[in-house]
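Below is one structure; the comments refer to it alone.
The values are calculated or read from the model by the stated rules, or taken from the named source; none is laboratory data. Predicted model only: the values in this text are computed from it and were never measured. Cβ coordinates were reconstructed from backbone atoms using ideal geometry, including for glycine residues, and neighbour counts include every protein chain displayed. To get the accessible areas, we keep the full protein, side chains included, count just its heavy atoms, and leave off ligands, DNA and RNA. Shrake-Rupley method; radii C 1.70, N 1.55, O 1.52, S 1.80 Å.
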Amino acid sequence: MHPTEDRDSQEVDEMSDFGDHVDDAIFGQILEMDESEEERDFSEPLVFNFFQQALETFERMKEALDNSDLEGLSSLGHFLKGSSATLGFNKIRDSCQVIQQYGHKLTVDGTDELDEKVCLEKIADALKKVKVDTETLNKKMEIFFKREKGDEKEE
Amino acid sequence: MHQHSTEAKPAGPDVGFIFNLAPLSLLVITPAWRITRASARFLADWRVSADDCVGRSLLSFVESQLRPPRPSRIVQLTASIDDAISTREERTTIAINTKHGVSWKARVIPIFNGDELLSIVLEWHEGPPVHVDNDELSKPGFSTDEAFRILVQAVKDYAIFLLDTKGHVATWNTGAQMLKGYKRDDIIGKHFSIFYGKEDLDIGKPQMELEICMREGRIEDEGWRYRRDGSRFWANVVITAVYKDGVHVGFGKVTRDLTERKSAESRLIAAYEESEKLKSDFLANMSHEIRTPMHGMLSACTLLLDTELSARQRDIVNIMDESGKVLLQVINDILDYSKLASGNFTINSDIVGITSIVTSVVRSVQATLPPSVHFELFLAPELPRSVQGDPLRFRQILQNIVGNAAKFTDKGSIRVRAAVQSEDEISCTILTEVTDTGIGVPEEASANLFTPFTQFDATTTKQYKGTGLGLSIAKSLAELMGGRIGYRPNPERQGSIFWFTARFIKIKRLGQMQDWKRTPPVRQDSESPSADEIDALQTELKMVSAIKNLLVVEDNVINQKVILGLLRSIGLKNVDLASNGVEAVRMVRRKPAAYDIVLMDISMPVMDGNAATKEIRSAGILIPIVAMTAYALKGDRERCLEHGMNDYIPKPVNKNRLIKVLGKWLLRMTDYRKITEERFAEMRRPRPATVKVATPGLEAKQFLFEVANGLGAPSTEARQMTPPNEMPRHPPPPSPTSPLPAAEEVDSAAAAPGPSSPNPEFSLRLPSGKAAAAKMWETNHAANQPGKASDQNITSAEANQSASADAPNKQDNAPEETTQTGHSGQSVGMQHPQLSHRPLQHTEVNETDKSSPPVDAAETRAIPPQNKTRCEELISSEAGVAAADSNVEAKTAEPEG
């Protein structure tokens, strides 16, 4: 009934390189919004805007971490969780969730973690991890979009 | 004759001697063209000995002497001799080249004795030295080389030219000049990559092509090529490696301009896509348009059957009912089939409980069977509990073949058997077999069982109804699910065995189960909307998109872009953005009737979505607000609704889900503004309870109560009966008795009614002086807490809502319910019986509300002091109102239970 649905499955194949970094269905939905698969002028800037946003957020997280500002960390975590979830970037989303939770002085399971030092440590770990994941994904995305275009040329 | 011979005899030896010594190059041949004599001069001229020629056939001798060998010369020689013989005249042949660089022409002298040809004398004369080329040109027509040269030169439609081994242009034809715009002198010696675009050059395409060409002998390519003036054309290019005597000397390149064809192609493709789209739109529309009235008809039939009917009437209605059902099935079959045929059918991924589906299908069919048919069900013990696949489609196939078995079996048994046919690590194939003792399938019909539109019962009586599509649909579905379908006769007795297989993904870990449960809230809906339902909704949304305005409240730019993108892809373009709650409240309040729906993020800086919603509600604006929450955890939804929102969408937003929610609020619900107007129309009619003391304030107050019930109550009826209302924009009509209001109060209280307000006379009038009003409010509030009371209603309605929220589809499946929205006024009471069952929640919410008593401006001013008592009465008699409306309630509540 709808051409998009067929396209979706194709795109999922193309995206298999992302592994558990990306939720194929959600990201596929983003790719579907491109008016042309050759140009990708919706998804491509969006994805790279996201990375920019992520980098800025990491900076602010670092600042908040230095000031032991748990509340600030929590809201920054929530903020980036929102956009990463929207794009289906699961690994980043999960780390942001960790930051948000410990910012609220909660463990990931939702039980209390009253020791602020532990919270800050956990957040620092999560921040380190999310930075690495973001960089990895950034590279994968660069390759993905380049390949999409490369394919175009060879045709 | 005799004369001749006698004369010749005595001269014999002399003549021979003379012949030999004559200074002439002479050959004498027999009528069979064998050489009998050659003069000494001939032997010397041709540098041959007598042995070389005498006794040989003339033609083979001449042929052996020809240089270069030209069969055509022999042919011409033969022709001349023949000519001489037949005319009895002497003839001169064309010049013939011999190996010594000399050409010879022969005088052919046929010698007859009467009619008898005695011999032929060839007298050879030296011709001009012959050069091969000149020789060729002297003839009419062209040599092959020349012809090709001219051909290539003259062809205008193809650029044909040679490249040297490095790719430099070596020749140029007219076609190349016309196609590429370069003159011969401009281009010779230039590298052919000059014709390529930057993109091709960047990837080294010209060089690549030559390499491939060297390897494979030839390469063909289609792509953009550039002319001298920079314009481009779509070219078909063939490059061929050119060898001379086994040595590579360059490349031949032929380029054609396909721009015309290319654009024709893309026009064709576009037309094709367009027609495909029209077709699928048509299908989606048809399915919706046909099924809806069919459902209406069938429901009416069912209702009619429930009434008192004579036996004859009952028969007739039964026929209507039955035919209607068959017709609906036929329509569904055809729609399914056309979708399958066009490849537009999608298989969903969900949890499939094989055993429960098989059991439920068997049970449903069993109910229709006569007692003479015995049902047997075998479920293999190794059947997995749940697998991943499309439960609906699996059920559809099974229903079809079990239904067939039931249809064609009058007595005996139907046996359904399900087992695992094969499995590997990630998937398993389930085999389901249905064996019946029915009429069976005649052998000649079995080949066409799965062909569309064929029924083996092609008799005129047509004992069995149907489109003949069922099995072909089942076949396509089974194939879509990675399986097969088949038939064989029942080996035990009369009857058939139909079987099908379907492949499912295994659910390995418990965790995977939980993932399923947690991540896709969409899939959680047991009856997630089917794809064509979504399509139909989307089409409808597109149609109204021009008149629908949306407000998206979202702080994260990425999410903003995505949601805008999603809305755009649905066709909704009139979208405003607010990036936090304060902005959203300001925008909504400034134009209270401008938006049709608000999509509200919850967690935002400055003011979050919950607070913003509260503010909007407390301004009396009842626009539908849909929360967008990340991680839809249990309780999130309830919390959103508690804060006065009407619905929620989990984040990340799924497009189908969004379409469904938008469809519900933009299409299925009566517009909140209209409801408000209707309410007021109702209100202005004389009504015993209110009219006596009809003052604007009172009406406003009462109105608020009704509104309160509708607020944040998206449950089945409540949402439709009392959709959001908008208080300040349509306040009660000014009563002639009411005093003039203070001007500035009007503004703030009415939250500036939009300029587009269709009822300009509706502007909120305040009772007497504002100080008095304020004071009165305080007392009023302290004594009765009307604000709280109304909030209480809100929350109680929410409680109901959350109770019924578990069955969200109920409402969506009943489109006719929307027609009830007209009775807005009366429906208010509907929520109350449920309310009384939940006293606990009731008080609980009350307590939380006490901590922050809602003091909203509109409400405050809406209560005129002199009506205080009436207000109290109204508040306390809310339950009474409900009781008074119990008739309505009893009727409408019924389907709910």
Kindly list the number of the only condition in (1) modelled with pLDDT of 90 or more; (2) closer than 19 Å to B:Val557 by Cα; (3) in contact with a helix residue (DSSP H, G or I) (Cβ under 7 Å, 6 or more places away or on another chain); (4) not hydrophobic (A, V, I, L, M, F, W, C) that fails for A:Glu56. (3)
Taking region B:365-381 and the residues there that are modelled with pLDDT under 85 and more than 21 Å from B:Ser496 (Cβ to Cβ), the one that is most open to solvent (accessible area, probe 1.4 Å) would be B:Pro371
Any chance region B:652-662 includes a residue that's more than 14 Å from chain A (Cβ to nearest Cβ) and either over 27 Å from A:Gly28 (Cβ atoms) or at pLDDT below 85 (or both)? no
Filter region A:34-55 for residues that are within 8 Å of another protein chain (Cβ to nearest Cβ), more than 20 Å from A:Lys131 (Cβ to Cβ) and open to solvent by 10 Å² or more (accessible area, probe 1.4 Å) and give the result. A:Phe42
Go through (1) in contact with a Leu (Cβ under 9 Å, 6 or more places away or on another chain); (2) open to solvent by 20 Å² or more (accessible area, probe 1.4 Å) one by one and return the number of the condition B:Gln388 breaks. (1)
Of those in region B:437-457 that are open to solvent by less than 60 Å² (accessible area, probe 1.4 Å) and in contact with a Phe, Trp or Tyr (Cβ under 7 Å, 6 or more places away or on another chain), the residue modelled with the highest pLDDT is B:Gly438
Filter region A:56-75 down to the residues that are touching a residue at least 24 places away in the same chain (Cβ under 8 Å) and within 13 Å of chain B (Cβ to nearest Cβ) and list them by number. A:Glu71, A:Gly72, A:Ser74, A:Ser75
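The rows are residues; the columns are (1) of a type in the set (Lys, Arg); (2) within 12 Å of chain A (Cβ to nearest Cβ); (3) farther than 30 Å from A:Asp34 by Cα.
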residue: B:Ile534; (1), (2), (3): no, yes, no
residue: B:Glu540; (1), (2), (3): no, no, no
residue: B:Ser545; (1), (2), (3): no, no, no
residue: B:Val562; (1), (2), (3): no, yes, no
residue: B:Leu566; (1), (2), (3): no, yes, no
residue: B:Ile602; (1), (2), (3): no, yes, no
residue: B:Met607; (1), (2), (3): no, no, yes
residue: B:Ala611; (1), (2), (3): no, no, yes
residue: B:Ile621; (1), (2), (3): no, no, yes
Which condition number in (1) open to solvent by less than 20 Å² (accessible area, probe 1.4 Å); (2) within 14 Å of another protein chain (Cβ to nearest Cβ); (3) over 27 Å from A:Ile30 (Cα atoms) is the one that A:Cys119 fails? (2)
Conditions first: (1) within 12 Å of another protein chain (Cβ to nearest Cβ); (2) without any contact (Cβ under 8 Å) to a residue 40 or more places away in the chain. B:Ala627 passes all but one, so which condition is the exception? (1)
If A:Arg7 satisfies every condition in (1) surrounded by 17 or more Cβ atoms within 10 Å (Cβ to Cβ); (2) within 12 Å of chain B (Cβ to nearest Cβ); (3) at pLDDT below 85 but one, which is the exception? (1)
B:Arg639: passes all of (1) open to solvent by less than 30 Å² (accessible area, probe 1.4 Å); (2) modelled with pLDDT under 80; (3) not aromatic (Phe, Trp, Tyr) but (1)
Which pairs have Cβ atoms under 9 Å, sit 6 or more apart or on different chains, and link a residue in region B:46-61 that is more than 11 Å from B:Ile29 (Cβ to Cβ) and in contact (Cβ under 8 Å) with a residue 24 or more places away in the chain to one that is of a type in the set (Asp, Glu) and open to solvent by 40 Å² or more (accessible area, probe 1.4 Å)? B:Trp46/B:Asp52
Evaluate region B:198-220: report whether one residue or more is within 30 Å of B:Ala264 (Cβ to Cβ), assigned to a strand (DSSP E or B) and open to solvent by 40 Å² or more (accessible area, probe 1.4 Å). yes
Name the pairs whose Cβ atoms lie under 7 Å apart, with the first residue in region B:157-174 and part of a strand (DSSP E or B), the second at pLDDT below 85 and open to solvent by 10 Å² or more (accessible area, probe 1.4 Å), and 6 or more positions between them or separate chains? B:Ile160/B:Val152
Any chance region B:117-130 includes a residue that's modelled with pLDDT under 85 and among the hydrophobic types (A, V, I, L, M, F, W, C)? yes
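Please report, ordered by residue number, the helices (runs of 4 or more DSSP H) entirely within region B:6-67 with at least 2 residues that are at pLDDT below 85 and among the polar types (S, T, N, Q).
Output list reads B:58-65.
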